[in-house]
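Written below as structure tokens is the structure these notes are about.
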């Protein structure tokens, strides 16, 4: 009489132990490779750094921005397969061996600077480099003019 109860208890415990494994996200989703990370550092009297964009191999994109009150907001989205494939093709076409560590400055700002730190992971290898002052500013108070063309 106790044998069926013992057997049933062992089976029940075995089922309960396996439940958390089924609830966890698939391992492949956790281990997706980051293929592009761009951080932006704005330097003036202080430095503000934020995530400009991070893209993973499964199409997950994350970025940060600031609301009108200056509070940091984290955003995320999933790219369509065609969009991701197009971006990956463009990234893979870059000859990363010829990229210097720093590019620019491309514009001259008054009392500020901007640096995009870019990390690319391609089948040809990984590379980190920076773009200095990549964006023009049309306000007379923030830009002293273009230094050179940004590629």
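Just so you know, all these numbers are worked out from the coordinates, no wet-lab data involved. This is a predicted model, so every value here is computed, not measured. Glycine gets a Cβ as well: all are built from the backbone with ideal geometry, and neighbour counts include every protein chain shown.
Structure summary
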| item | result |
| --- | --- |
| For segment 27-146, fraction of C-alpha pairs farther apart than 21 Å, in % | 49 percent |
| Net length gained if the chain between residue 85 and residue 130 were fully extended (0.36 nm per residue, minus Cα distance) | 13.8 nm |
| Residues 135, 63 arranged by fewest to most Cβ contacts within 10 Å | 135, 63 |
